[in-house]
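Participant: Below is one structure. I have some questions about it.
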Amino acid sequence: MSGLRRRPLRFLVIILVFCPALLLARNPIEDIAVDRVDLIELNHCYDDHGWLVFEQIIFYEWSAHISHYNVKDWRSLKVVSQLPRWDAKRAMYIATWHDGKVIRTVTAPSFRESWTQYDPELIERRYLPRQLRSLLKKTPFKLRND
């Protein structure tokens, strides 16, 4: 009879010892750089001969003051995971990828795709110079091995 009483007690001790360790070992949501923008653009830039020069993702914020989308930041398209996907439950576009050593998630209610022979991000510098932009969040946590 005493053996039966000890088993639940042992189980409880194991739970109390290992659960906090498991909770600390998890990757908390704060380890992800999360940004919200008003528009995400996938831009394909071509030269005069129709050859693809580069592809980029541009993140915009709406300025009600000038009724214009201002570039917040941009990233060169390197991996397919950078492409935003529609999340019907949240009713927004979501892009999640490894941005260097950071896991980054950017959400937006709108998305557009463009094919140009110029760099829209360069043109947008006329409206808001790079040094005045509110960039995507920096690393929200201290990186190891730096």
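Participant: How many residues does the range 71-113 contain that are loosely packed, with under 10 Cβ neighbours inside 10 Å and in contact with an Asp or Glu (Cβ under 8 Å, 6 or more places away or on another chain)?
Facilitator: Total meeting the criteria: 1.
Participant: Looking at the structure I just gave you, is GLU121 surrounded by 13 or more Cβ atoms within 10 Å (Cβ to Cβ), outside any strand (DSSP E or B) and modelled with pLDDT of 90 or more?
Facilitator: Yes: the conditions hold for GLU121.
Participant: Considering only the range 33-88, state which residues are within 22 Å of TRP115 (Cβ to Cβ), among the aromatic types (Phe, Trp, Tyr) and in contact with a Phe, Trp or Tyr (Cβ under 9 Å, 6 or more places away or on another chain).
Facilitator: Of everything in the range 33-88, those that are within 22 Å of TRP115 (Cβ to Cβ), among the aromatic types (Phe, Trp, Tyr) and in contact with a Phe, Trp or Tyr (Cβ under 9 Å, 6 or more places away or on another chain) turn out to be TYR46, PHE59, TYR60, TYR69, TRP74, TRP86.
Participant: Another question, if that's okay. Of all residues in the range 53-70, which are exposed (fewer than 14 other Cβ atoms within 10 Å of the Cβ), out of contact with any Asp or Glu (no Cβ under 6 Å at 6 or more places or on another chain) and among the β-branched types (Val, Ile, Thr)?
Facilitator: ILE66 - this is the single residue of the range 53-70 that is exposed (fewer than 14 other Cβ atoms within 10 Å of the Cβ), out of contact with any Asp or Glu (no Cβ under 6 Å at 6 or more places or on another chain) and among the β-branched types (Val, Ile, Thr).
Participant: Consider ARG112 carefully, then state whether it is free of Cβ contacts under 8 Å to residues at least 60 places away in the same chain, over 12 Å from ARG36 (Cα atoms) and among the basic types (Lys, Arg).
Facilitator: Taking the combined requirement at face value, the residue does not satisfy it.
Participant: A further question on this structure: Filter the range 54-103 for residues that are outside any helix (DSSP H, G or I) and of a type in the set (S, T, N, Q) and give the result.
Facilitator: Passing the criteria: GLN56, SER63, SER67, ASN70, SER76, THR96.
The values are calculated or read from the model by the stated rules, or taken from the named source; none is laboratory data. Only a predicted model underlies this, so the values are computations on that prediction, with no experimental measurement involved. Reconstructed Cβ throughout: ideal geometry from the backbone, glycine too, with neighbour counts over all protein chains shown.
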